[in-house]
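Trainee: This is the structure I have questions about; it appears just below.
The values are calculated or read from the model by the stated rules, or taken from the named source; none is laboratory data. Please read these numbers as outputs of a predicted model, since none were measured by experiment. So basically every Cβ, Gly included, is an ideal-geometry build from the backbone, and we count neighbours across all protein chains shown.
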Amino acid sequence: MVYSDFQSLSPAGLLIDNVEIGPDRIVITARCRAAAGTCPDCGQSSARLHSRYERRLLDLPSHGRAVQLRVAVRRFRCADPGCRRRIFAEQLGSTVAGRSARRTFRLEAIVHHLGIALGGRPAATLARRLMLPVSKDTLLRVVRRHAARDSSPLCVIGIDDWAWKRGQRYGTIICDLERRRVVDLLPDREPGTVESWLSCHPEIHVISRDRGGGYGQAAARAAPQAVQVADRWHLMENASAALLEAVRRSMRRIRMALGSAVIDPALLTHAERLQHDGYLRREEAYGAIRVLARAGAPIREIVRRTGRSRKLVREIARGGGGDVFRCRSSTLAPHLAWLDAEWSAGCRNGAELWRRLRATGFRGSLRVVAEWATRRRRAESAGRETLRKVPPARVLSRLMLSLRDQLTKEEAITVASIERGVPILVSARDLVERFHQMVRDHDPDALPVWITDAAGSVLSSFAKGVAADYAAVAAALTQPWSNGQTEGQITKLKLVRRQMYGRGKLDLLCARLVAPE
Ligand SMILES: [Zn+2]
């Protein structure tokens, strides 16, 4: 029986001889349309038949059934007597299947896309439902095989690290910034690994990277032909981080400026008073260290004379440590407004306040609430306001960089007090704002002046870093390239890894990311 109507359903180049429809599969018997074959060695065509054999290929499933192609393949004798090859098998051609393939090209394309979209095991499950009899390993093999093919020249790359395991193990991602796609993943972020990758790609002429890590050095060694561009987003971020660091180091002075450093021991509970005594003893010792450090005594000498640890002495000599005393109230912080309202409404009993607060979802202990009530009562009888709470450094540095009209009245007062009390932070803030503006305006001419101005400020170490990376920072202010899209690819990478339950091997992860959408 000849199913001539089925002819258009089979891949071009095949003639269907028979279609056999079984309960769970369809077997199609076919042969090649061409009259002759072409010798792969000499390229001569030959119609001198030698023998036949059968090739079995899986094709796209149909009507809930797997489809198998049985192709009668001919062997020919080569027509050229001088050719080394005497017998060759005919090839099925670019529309049917590759040499020795077990699936048609069109089935392989579906398998490849399934593997890319879902990864091995989930893709195999779906493939079974779609009547595509492929195993997980086959899926992965197909994905890997296709990944190795693409090789268009690379000119502009972005390079960044990504976490295999946060804080423990990092890999490197390389993106083609012109074509907006992932090019490769490297197993770590060691300069040696990056160098050997870069040295295989002499055609790269722009490398966008962040300022930390060894990517800059690796690029300088292995790709000296390339212009390095510091990533603008990282530059802005680094400048803000430098201000945050300056604010952290100034917290003591900030607390003084905000008037929250003055403690009246009479307002403290018993437990807090014990803590406060310990705090005073510590402060005394820290004060002695500060005096010695200011007098120019070496750290070793201070350690010997005060009996304090080297780590502590170094921290205090550098202006850190020794914060002002703070009452324990962190677990209460989100509930203070509620407590104030209850208090004003007349509930003055600590235990009763605690019971009511628990009903709103509070998990803390009775003691925390009772201490708050005691402090509040004493503050009232002393005719004072409760101690003003100072926001953390992270919040303060953000407030300092915010526009005035975006601050609440209270925030504006806080910023103004800091500006009055800690003037070095004002100049630091102005420098960071100038830096951000310079990056936004793409203004490389402003860079040398900025570095000179910042060198004498509390941002000097950030300024030193910028000066050491001058060419790349200046390039960031002139070149159009930035790593913004690399960040986007890292997000995609995390998504794909999660689909693979975090077990994805690097080459497979890479194949799924590198593949065109
Ligand atoms: Zn030949």
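Trainee: Please determine, by comparing only the residues of segment 21-73 that are of a type in the set (D, E) and either more than 17 Å from Q7 (Cβ to Cβ) or in the same structural domain as R129 (by TED's automatic domain parsing) (or both), which one is farthest from the ligand (Cβ to nearest atom).
Mentor: Among residues in segment 21-73 that are of a type in the set (D, E) and either more than 17 Å from Q7 (Cβ to Cβ) or in the same structural domain as R129 (by TED's automatic domain parsing) (or both), the one farthest from the ligand (Cβ to nearest atom) is D24.
Trainee: In the list R129, R77, which residue meets the criterion of being surrounded by 14 or more Cβ atoms within 10 Å (Cβ to Cβ), more than 26 Å from N18 (Cα to Cα) and among the charged types (D, E, K, R)?
Mentor: Answer to the selection: R77.
Trainee: Here's a follow-up. Exactly one of these conditions fails for P11: (1) surrounded by 17 or more Cβ atoms within 10 Å (Cβ to Cβ); (2) part of a loop (DSSP other than H, G, I, E, B); (3) without any contact (Cβ under 8 Å) to a residue 60 or more places away in the chain; (4) not small (G, A, S). Give me its number.
Mentor: Every condition holds for P11 apart from (3).
Trainee: Does A30 qualify as being touching a residue at least 60 places away in the same chain (Cβ under 8 Å) and either surrounded by 11 or more Cβ atoms within 10 Å (Cβ to Cβ) or assigned to a loop (DSSP other than H, G, I, E, B) (or both)?
Mentor: no
Trainee: Output the number of residues of segment 339-363 satisfying the condition of being modelled with pLDDT of 80 or more and within 30 Å of M256 (Cβ to Cβ).
Mentor: The total comes to 2.
Trainee: Could you tell me which numbered condition C175 fails, if it satisfies all but one of (1) touching a Ser or Thr at 6+ places or on another chain (Cβ under 7 Å); (2) over 26 Å from V111 (Cα atoms)?
Mentor: All conditions are met except number (2).
Trainee: Go through the residues of segment 412-428 one by one and say whether even a single one is part of a helix (DSSP H, G or I), under 23 Å from W233 (Cβ atoms) and in contact (Cβ under 8 Å) with a residue 24 or more places away in the chain.
Mentor: Scanning segment 412-428 turns up at least one residue that is part of a helix (DSSP H, G or I), under 23 Å from W233 (Cβ atoms) and in contact (Cβ under 8 Å) with a residue 24 or more places away in the chain.
Trainee: Within segment 281-300, can you find the residues that are loosely packed, with under 13 Cβ neighbours inside 10 Å and either hydrophobic (A, V, I, L, M, F, W, C) or in a helix (DSSP H, G or I) (or both)?
Mentor: R281, E284, G287, V291, R294, A295, R300
Trainee: Being part of a helix (DSSP H, G or I) and either closer than 30 Å to L114 by Cα or touching a residue at least 60 places away in the same chain (Cβ under 8 Å) (or both): is that true of L508 here?
Mentor: Yes, satisfied.
Trainee: Test G119 against the criterion of being within 16 Å of the ligand (Cβ to nearest atom) and either farther than 27 Å from R31 by Cα or touching a Phe, Trp or Tyr at 6+ places or on another chain (Cβ under 8 Å) (or both), and give yes or no.
Mentor: For G119, the condition - within 16 Å of the ligand (Cβ to nearest atom) and either farther than 27 Å from R31 by Cα or touching a Phe, Trp or Tyr at 6+ places or on another chain (Cβ under 8 Å) (or both) - is not met.
Trainee: Now a separate question. Can you name every residue in segment 423-443 that is buried (at least 16 other Cβ atoms within 10 Å of the Cβ) and farther than 23 Å from L399 by Cβ?
Mentor: none
Trainee: Does D453 meet the test of being acidic (D, E), within 26 Å of R252 (Cα to Cα) and part of a helix (DSSP H, G or I)? Let's see the steps before the verdict.
Mentor: Values: acidic (D, E): yes; within 26 Å of R252 (Cα to Cα): yes; part of a helix (DSSP H, G or I): yes.
Here the answer is yes, as D453 does meet what is asked.
Trainee: State all residues of segment 83-103 that are near the ligand (Cβ under 9 Å from one of its atoms) and either in contact (Cβ under 8 Å) with a residue 40 or more places away in the chain or not assigned by TED's automatic domain parsing to the domain that holds C32 (or both); if no residue qualifies, say none.
Mentor: Hits for segment 83-103 are C83, R84, R85, F88.
Trainee: Which pairs turn up if I take residues in segment 67-80 that are under 18 Å from A47 (Cβ atoms) and look for partners that are among the aromatic types (F, W, Y) and within 16 Å of the ligand (Cβ to nearest atom) with beta carbon separation below 9 Å, at least 6 apart in sequence or on another chain?
Mentor: R75/F88; F76/F88; R77/F88; C78/F88
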